[in-house]
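Values quoted throughout were computed directly from the atomic coordinates according to the rules given, and no laboratory measurement underlies them. Keep in mind it's a predicted model, so treat the numbers as computed, not measured. In this analysis, Cβ positions are derived from the backbone assuming ideal geometry, glycine residues included, and neighbour counts consider all displayed protein chains.
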Amino acid sequence: MTMQPASTEIASRTAAIIQELKGLEGPLLPILHEIQEEFGHVPQDSLPVIAEALNISRAEVHGVVTFYHDYRSHPAGRHVLKVCQAEACQSMGSDAVAAKFKQLLGIGFHETTRDGSVTLEPVYCLGLCACAPSAMLDGEVIGRLDDEKIEEIVAEARS
Amino acid sequence: MGLIQEIDFGTPASTSEKQVTLTVDGFTVTVPEGTSIMRASMEAGIAIPKLCATDMVDAFGSCRLCLVEIDGRNGTPSSCTTPVAPGMVVHTQTGRLKDIRRGVMELYISDHPLDCLTCAANGDCELQTQAGVVGLRDVRYGYEGDNHVFKKNDGVENFKWMAKDESNPYFTYDPSKCIVCSRCVRACEEVQGTFALTIEGRGFGSRVSPGMHQLFIDSECVSCGACVQACPTATLSEKSVIQIGQPEHSVVTTCAYCGVGCSFKAEMRGDELVRMVPYKDGKANRGHSCVKGRFAYGYSTHKDRILNPMIREKITDPWREVSWEEALTHTANEFRRIQYQYGRTSIGGITSSRCTNEETYLVQKLIRQGFRNNNVDTCARVCHSPTGYGLGQTFGTSAGTQDFDSVEQTDVVMIIGANPTDGHPVFASRLKKRLRKGAKLIVLDPRRTDIVRSAHIEAQHHLPLKPGTNVAVVTSLAHVIVTEGLFDEAFIRERCDWDEFQDWASFVALPENSPEVVGQLANVDPEEIRGAARLFARGGNGAIYYGLGVTEHSQGSTTVIAIANLAMATGNVGRPGVGVNPLRGQNNVQGSCDMGSFPHELPGYRHVSGDAVRDIYETLWGVKLDDEPGLRIPNMLDAAVDGSFKGLYVQGEDILQSDPDTKHVAAGLAAMECVVVHDLFLNETANYAHVFLPGSTFLEKDGTFTNAERRINRVRKVMAPKNGLADWEVTQNLAKAMGLNWNYQHPSEIMDEIAQTTPSFAKVSYDYLEKMGSVQWPCNDKAPEGTPIMHIDGFVRGKGKFIRTEYVATDERTGPRFPLLLTTGRILSQYNVGAQTRRTDNVIWHPEDRLEIHPHDAENRGLRDGDWVRLTSRSGETTLRALITDKVSPGVVYTTFHHPDTQANVITTDFSDWATNCPEYKVTAVQVGASNGPTEWQRDYNEQAEQSRRIATLQAAE
């Protein structure tokens, strides 16, 4: 019924982040953001440390982390490519766009290329409907995708 | 009989006093303001379809089945989350609502198995019921496509499907049947307060997750059963229901574990117990339960249970099974022979806090009327006897002042030497609920127990005092209150003796009682003591809850008095939300004390020297009663060693394991000529017994238990005694064998005799309990409905009495040979000496006693977690495995006493409370060192126990 918090390096780096942000009102999300920033993902071992520090249960932290798709359980590739699959983009051929990306990269959604360069993910609306179909590479949005642009993006990401 | 179906109102009751009238489907209904429409319509007898709502948790509004239409309002609001308003006109069934509900239900069923006929919840499934209610006839979406139901879709692995989690010994989690209503998650949070469950993921990926996607057994789950009860489907099901099937009738009864006294429905199929379900009308537990009461009843049918009487000449002989008649005649003859040979006072008996009031009453009656002496004592001797003394002296009654509901109105809770999350879990859940609503918490305990800090609760002040310094620290709290002028002068002047107060105040104000001085000797930060005192005095309604960490000391009675002083000085007695509340260990320890189990008191705490009282019983029983107090348990054992005490009748208590200084107890028992053990199992004491009388469980008899809040609860027979006789019948037959003319046909007649002779029980009868559910004593003409809160208009003894509490350090001290202090306690899953819980699947949580030791002390001794360690005191030594934790302070070690192999009481000393002889279990100076395994004593003991438990096999008759 009890679990010792992981006494690893992850735990100590997590503890430092918690210490810094604990005073905020509603500190859990900022802490998780900072942890993802630090580690590139939210390590499972950091959850009991957060729970203990905020005096909430491990289950609660787990519930929050899994609710948000943007918190990763594993590190992503060097680049993250998100392809919009929401309604407006679908009507402008985003299925084909996604297929093209998958084919060029040789991976499916939620996967990372073997060389660790790109992680491919679906996203549901980037707010760029007027320029559909659209995608986002490392936080930068790209509209009006066509084969040429797709190839350009892939080339850039793999470089 | 039938199954008791409790009405589920869907949302909790509102406590508002303002009433609101509305119309539901044409019927007018008046309810308190703040009530949900769902609850209001249920009050009017109209059940609105629902899945995610149940009245044990707050409204959530996620299932979309309980929608209603309200005149003058747009849309279809959910009735669980919408409060009533005056003049509201609600429609629960319209064409539009019916369509919506059927559509919603189609979605649910499209992702749910259709195996109703073979499902464990068949007949007790809300999803099934609601499908019927909304008139579901087909599911247009079909069952193909994405789902959580099938392991494989068209031969392809379905990653959304999750296997059953059967890791908990008592219930299963089958995710394929889950409708994600969150009722389990909310029950775990709101009712139990453990927060072990969550919903992971989102949308169609939402799943119930114990801990961090763990098995139930690996999560924070404490197996209280609240989630199982909340679950509307078969997702969370008792394994016993899966195995046996649905129950067909139920009987309301009272749990036989701790002093909270939870009411349960024993749900039966024939005479087979299917499950225990907490009863919502139970006024102690309000529908909640813990792992022991809810699930750990398997001991009642355990193979170790002895069902036939047995006798033997010598304790080295094997047992011989005999008839009831032979066993009882033999016992009666032996007792008479011993009395003839060694004198009237050479025999005695011990009543049980596990048995009913009626049974306890009979045992003390047998001793007083039949043995013609006062040699009766009870296990309260070793737990709460100082409570009886201390509260009797200061307030005038030997019991807690409040009901459990009182905690809901408390602002500051002070917990002293109690570990409610383990020892009194259902009360702890109610307390935690109040703490989450903002009440403040002060904890005095050498260990950092879970109540000090766990999810969503944290004590404002934790004083991790050195074991044995309770009196000093509590007096020091009073010092701050007096010297800083924080006492309630008006209360004291009105209710207490002002001169006594002034005398006491001048004593506590002495510099040696200041936090600065006391802090040093108790290893507590003086500022924490000051902070705690200020908070308690000025924080609003202050309530003190305490346990055996207060009483089981050489100054146990003094601490109880100090606690009473503190409550009086701050004006915290006599209304809801305040008071002094001993958390009683055993189910009926209050009752056994009430029933005259002490050698100096007749029922109702009336001293045996009182002529008027003796007169009542002498007239009724037709004998002359002894006016001198008899022997206490330790005196009986001393006298046995000295050769003047030779016979003992022990009902339902295992003194060899539970009483201090095991070797001395063993020597005392070995010196007796006739030890009669009346118990379910061949317990440790039975190793030294000459007669064994098989006992019956709480499921097998009628009677009453009195819990820690003085509540007299009915115990009802749900099955015939497997041993043939209920315990009260055994005692009665023994009395008859000794020539007494007893003729009780039913326990209710015994209660009638108790009521007739004991003023505080005057109005109690089985008929009355049937009508009232339960009552809290005193229940008489002055308080016909019982007394939830005591001392309302003044103390029972007249003026509340302040008594000086001089701190005298115990003689048990640390030194170079024994540098550590051992303190003892219990754990959630096990109960007391473990006779019952060790014979259930609860052992999965606590298979052995461990020695908790601080990392610092462990390192000094080169000990690692899990190592065998030797624990030595001035009394003896034992071995057990170490558990390294910073829950204990450096210099303090801790263990539980649930397993006889550990023999923790070989270590404890025979120091005891100055007033009541309550043993000092909580302080023993010890040394800890590495060890290879069990000690010689443990090996010898086990060998002796094994020898002693042999039962002679009968010669084949054919």
Mean residue ellipticity (222 nm) of chain B, computed from DSSP H runs ≥ 4 via -39,500 (n - 2.57), nearest 500:
-8000 deg cm²/dmol
Measuring from label point to label point, each 7 Å out along Cα→Cβ, what is the B:Q502 to B:E749 span in nm?
6.0 nm
What's the FRET efficiency of B:A952 with B:R73 using the Cβ-Cβ distance as r and R₀ = 60 Å, to the nearest 0.05?
0.15
Sorted by Cβ density within 10 Å, fewest first, the residues B:T345, B:T331
B:T345, B:T331
Quick check: from the Cα gyration tensor, does the stretch A:79-158 come out rounded (a/c under 1.5), prolate or oblate?
prolate
The Kirkwood hydrodynamic radius of the stretch B:57-117, taken as the inverse of the mean 1/r over all distinct Cα pairs, in Å, comes to 13.1 Å
Nonlocal amide H pairs with B:L463, under 5 Å, H built at 1.01 Å
B:V443, B:L444, B:D445
Radius 13 Å from Cβ of B:R140, net charge of other residues (Lys, Arg +1; Asp, Glu -1)
-2
Two decimals is fine: what is log10 I(q)/I(0) at q = 0.16, 0.19 Å⁻¹ for the stretch A:9-67, from a Debye sum with one equal scatterer on every Cα and no solvent?
-0.39, -0.56
Per-peptide average of other Cβ atoms within 10 Å, ordering B:303-311, B:595-603, B:923-931 highest first:
B:595-603, B:923-931, B:303-311
For the stretch B:369-483, what number results from the quotient of the Cα radius of gyration and 2.2 N^0.38 Å?
1.28
Gyration tensor verdict on the stretch B:496-565 (Cα atoms; rounded if a/c is under 1.5, prolate if a/b is larger than b/c, oblate otherwise)
rounded
Note: B:K736 to B:H856 extended length (0.36 nm per residue) minus current alpha-carbon separation gives 37.1 nm
Can you work out the Karplus-derived ³J(HN,Hα) for every residue in the stretch B:47-62? Use 6.51 cos²θ - 1.76 cosθ + 1.60 with θ = phi - 60°, whole Hz, and x for glycine or proline.
8, 7, x, 7, 10, 8, 9, 7, 6, 7, 10, 5, 4, 10, x, 9
Is the C-alpha gyration tensor of the stretch B:1-154 telling us rounded, prolate or oblate? Criteria: a/c under 1.5 is rounded; beyond that, a/b larger than b/c is prolate, otherwise oblate.
prolate
Cut-off is 10 Å between beta-carbons; in what order do B:V363, B:V796, B:V892, A:V42 appear when sorted fewest neighbours first?
B:V796, B:V892, A:V42, B:V363
Can you give the Kirkwood hydrodynamic radius for the protein assembly as shown, in Å, rounded to one decimal and based on Cα pairs?
32.3 Å
Rh by Kirkwood over Cα pairs, then Stokes-Einstein D for the stretch B:398-582 at 1.002 mPa s and 20 °C, µm²/s:
133 µm²/s
What full-extension length gain, to one decimal in nm, is calculated for B:A85 and B:L620 as 0.36 nm per residue of separation minus the Cα-Cα distance?
186.5 nm
Considering only DSSP beta bridges whose two residues both sit in the stretch B:582-691, what percent are antiparallel, to the nearest 5?
25 percent
When the label point is put 7 Å from the Cα of B:A809 along its Cα-to-beta-carbon vector, which residues of the stretch B:486-521 have a backbone N closer than 20 Å?
B:510-521
Please find the FRET efficiency linking B:F27 to B:T129, where r is the Cβ-Cβ separation and R0 is fixed at 22 Å, and quote it to the nearest 0.05.
0.45
Viscosity 1.002 mPa s, temperature 20 °C: what is the translational diffusion coefficient of the stretch B:820-947 from Stokes-Einstein with a Kirkwood Rh over Cα pairs, rounded to a whole number of µm²/s?
142 µm²/s
Could you compute Rg(Cα) / (2.2 N^0.38 Å) for the stretch B:768-851, with N its residue count?
1.92
When the Kirkwood hydrodynamic radius is evaluated over all pairs of different C-alpha atoms of chain B, what value in angstrom, to one decimal, is obtained?
29.7 Å
With a Förster distance of 51 angstrom and the Cβ-Cβ distance between B:L307 and A:H69, calculated FRET efficiency to the nearest 0.05 equals 0.25
Karplus (6.51, -1.76, 1.60) ³J(HN,Hα), θ = phi - 60°, over the stretch B:249-255, in Hz, Gly and Pro reported as x
8, 9, 10, 7, 8, 10, 4
Backbone N within the stretch B:52-83 under 20 Å of label point (7 Å from B:D99 Cα along the Cβ vector)
B:64-79
So, with points 7 Å from each Cα along the Cβ direction, the A:E25-B:E785 label distance in nm works out to 4.4 nm
Lys and Arg at +1, Asp and Glu at -1: add these up for the other residues within a Cβ distance under 12 Å of B:S875 and post the number.
-3
Rounded to the nearest 10 degrees, what's the angle between the helix A:28-39 long axis and the longest principal axis of chain A, both from Cα atoms, 0 to 90?
70 degrees
Between B:Q246 and B:V517, with labels modelled 7 Å along Cα→Cβ, what's the label distance in nm to one decimal, could you check?
7.0 nm
Cut-off under 5 Å, modelled amide H: who pairs with B:T896 long-range
B:G825, B:R850
What are the residues whose amide H is under 5 Å from the amide H of B:N780, where those residues sit 5 or more places off or on another chain and H is modelled from the backbone?
B:K763, B:G786
In chain B the DSSP beta bridges are antiparallel at a rate, in percent to nearest 5, of 60 percent
Along each principal axis, Cα extent of the stretch B:166-285, largest first, Å:
43, 30, 23
When the Karplus curve 6.51 cos²θ - 1.76 cosθ + 1.60 is applied with θ = phi - 60°, which whole-Hz ³J(HN,Hα) does each residue of the stretch B:927-932 get, with x for Gly and Pro?
10, 10, x, 5, 8, 9
Output field shielding_mean for B:190-196 (other chain Cβ, 10 Å radius) holds 2
